[in-house]
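Chemist: Below is the structure I would like to discuss, written out as structure tokens.
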Amino acid sequence: MSEAVDAAAVLRPASLAVGVGASRGAPADEVLGLVRDTLRGAGLSPLDVAELVTVDAKADEPGIVAAAAALGVPLRTYPAVELARVEVPGPSGAPLAAVGTPSVAEAAALVAGGELLVPKRKSAPRGRAPMVTCAVARRDPCGRADAADVPSGPGRCVEPGAGRIVVLPDSEDRAAPPRQPASRPDDDGPHPHPTAAMHTPTESPDATGAGTHDLRHHGDAEVRGQDRDLTDLAVNVRAGTPPAWLRDRISASLGSLAAYPDGRPARAAVAARHGLPVERVLLTAGAAEAFVLIARALPVRRPVVVHPQFTEPEAALRAAGHEVGRVLLRAEDGFRLDPSAVPEDADLVVVGNPTNPTSVLHPAAVLEQLARPGRTLVVDEAFMDAVPDERETLCGRTDVPGLVVLRSLTKTWGLAGLRIGYVLAGPGTIRALEETQPLWPVSSPALTAAEACMEPGALAEAAAAAERIAVDRAHLVAGLMEFTEVRVAGPAEGPFVLVRLERAAEVRERLRMLGFAARRGDTFPGLGPEWLRLAVRDRVTTNRFLQAFDQALQTLGSAVR
């Protein structure tokens, strides 16, 4: 694999080592529950676990053995003396006295090398002390046992390096079988993606089939139904919208509600705005409807979604029965996309630009490299009109094969409750999507809004708003950079910023108490609980927020600072 592919930091299947420690007699459900909760809280999937790892003194602990069986992975053990040589972030005297290492879970996860993704976590049973700890590391390829290291016979052990792999005996009592490569019934066999973690619609206990991520969680959940009056930094709709003139235009359209909607004028206005024939335009009830249409109408076999990004595309694909591959970009690389990280056999690729929640603006020339005959390239430009001059847009392009561009009018114009967006694509794709739509999918008020937002005066207002957002964003980022414990993902180009800090969930709750709602980041694949997304607001609001943010950090004390 090339260095360029590695730089994209795609999470490979079965790349995680879960270190586990347990008191004698720890129940299997407590061990398994902690492991699953820890993975879920970090935005990781149990399907990416390669092995459970512990100290050799716990090799026959029933709860740990049963947890490995339930996950369908081998149990690897190491001598306490070897684990004691591993530097861990959360040492404790109890395990040191009991088995000779200051943290069984962290040392076991890290002993073969790699990156600690989740430090030690403890179970939280009701009415008694915790009996289980676990930690999660992503193993370096050279630090993992190859498949050839694992014996084929039941109940045998081998010595890969200093670690002993315990292959669990086959039994009807096992909680779950080992994982098998995902395949579709009409395929000619499994097609593993070399750079994308593949997940099937049946691999999750939740309704979306999204593994450990709640793909249906959105920023509005942070403020909906709250008793206190919160300043909303969780939703990316521009503040102070819709403007009065747009509200008046929408209100005037209510007199025609008795007639069926006629989308032709709005469709023509969108086409003219982008210099396209109307055959290349489809109006939708927001960009979210477009994802559903794409998932249901197009003959897709190998869809891949580039994450972290807006989760509705994957949710829609899964709801339509598709197996979805993920390409996960790393914070260390600025969440930048290397086109070579996308599997060659992907016939549908979805990427946001600028991307929600990372605020990364990918160069159009980079995205073009993803296009090829036989592949549909979906570029979600819901926030592109918040970028000055809409640089890097692919709207209006007809020379990129398989290109589908999605736009939303709900963000800049404050029309989330009205639901209006549109698709720009080749005539054949537009026809396929339109045939899947219900009759009259867009209401007359929404059509009126779409037509109004395409007018020269509206476009000038949106351009001016984009310039103000850039200035206000710079002010927010500069303020956040004053906090040494905060890392801002960037450079940010959208109307929001993504920040990383320890104990972000606690900071978020304290901000709520201080009157500010922030968007949690752990529902986005590729992000964990240490991430928050903040909408860009005016300087006065930002100054108030920064004061509250400072207060929230101070109340957490030196553990955060």
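Every read-out reported here was derived from the displayed coordinates using simple, explicitly stated rules and does not represent laboratory data. Predicted model only: the values in this text are computed from it and were never measured. Heads up, the Cβs are rebuilt from the backbone with ideal geometry, glycines too, and the neighbour counts pull from every protein chain shown.
Chemist: Would you mind pulling out the separation of the Cα centroids of the stretch 466-516 and the stretch 289-313, in Å?
Modeler: Taking the Cα centre of the stretch 289-313 as reference, the centre of the stretch 466-516 is 29 Å away.
Chemist: While we're on this one: Through the Karplus equation 6.51 cos²θ - 1.76 cosθ + 1.60, θ set to phi - 60°, convert the phi angles of the stretch 67-84 into ³J(HN,Hα) values in whole Hz; use x for Gly and Pro.
Modeler: 5, 4, 5, 5, 7, x, 10, x, 10, 10, 10, 10, x, 4, 5, 6, 5, 5
Chemist: Also, I was wondering about something else. I need the phi-derived Karplus couplings for the stretch 499-508: 6.51 cos²θ - 1.76 cosθ + 1.60, θ = phi - 60°, integer Hz, Gly and Pro marked x.
Modeler: Per residue, the Karplus-derived 3J(HN,Hα) values read 10, 10, 7, 5, 6, 4, 4, 5, 4, 4 Hz.
Chemist: For ALA57 and ASP538, FRET efficiency with R0 = 56 Å and r from the beta-carbon atoms, rounded to 0.05?
Modeler: Plugging the Cβ-Cβ distance into 1/(1 + (r/R0)^6) gives 0.40.
Chemist: Further, regarding this structure: At 7 Å along the Cα-to-beta-carbon direction for both ARG264 and ASP229, put a label point, then send me their distance in nm to one decimal.
Modeler: For ARG264 paired with ASP229, the spin-label model returns 4.8 nm.
Chemist: Any idea how far apart ASP29 and ARG372 come out in nm if each label point goes 7 Å out from Cα toward Cβ?
Modeler: 4.9
Chemist: Order these peptides, 335-347, 427-439, by their mean beta-carbon neighbour count within 10 angstrom, highest first.
Modeler: 335-347, 427-439
Chemist: Under a crude label model (7 Å from the Cα following the beta-carbon direction), how far is VAL471 from THR398 in nanometres?
Modeler: Here the modelled spin labels are 3.9 nm apart.
Chemist: Once fully extended, how much extra length lies between ASP333 and GLU390, figured as 0.36 nm per residue of separation less the alpha-carbon to alpha-carbon distance?
Modeler: Length gained, ASP333 through GLU390: 18.2 nm.
Chemist: Let me ask something additional. If r is the Cβ-Cβ distance from SER251 to ARG431 and R0 is 41 Å, what FRET efficiency results, to the nearest 0.05?
Modeler: For R0 = 41 Å, the calculated efficiency reads 0.75.
Chemist: Still on this structure, I have one more. R0 = 45 Å: FRET efficiency of TRP440 with GLN554, Cβ-based, nearest 0.05?
Modeler: Efficiency, rounded to the nearest 0.05: 0.25.
Chemist: Could you work out how far the C-alpha centroid of the stretch 365-419 sits from that of the stretch 47-86, in angstrom?
Modeler: If we compute the Cα centre of each part, the gap is 47 Å.
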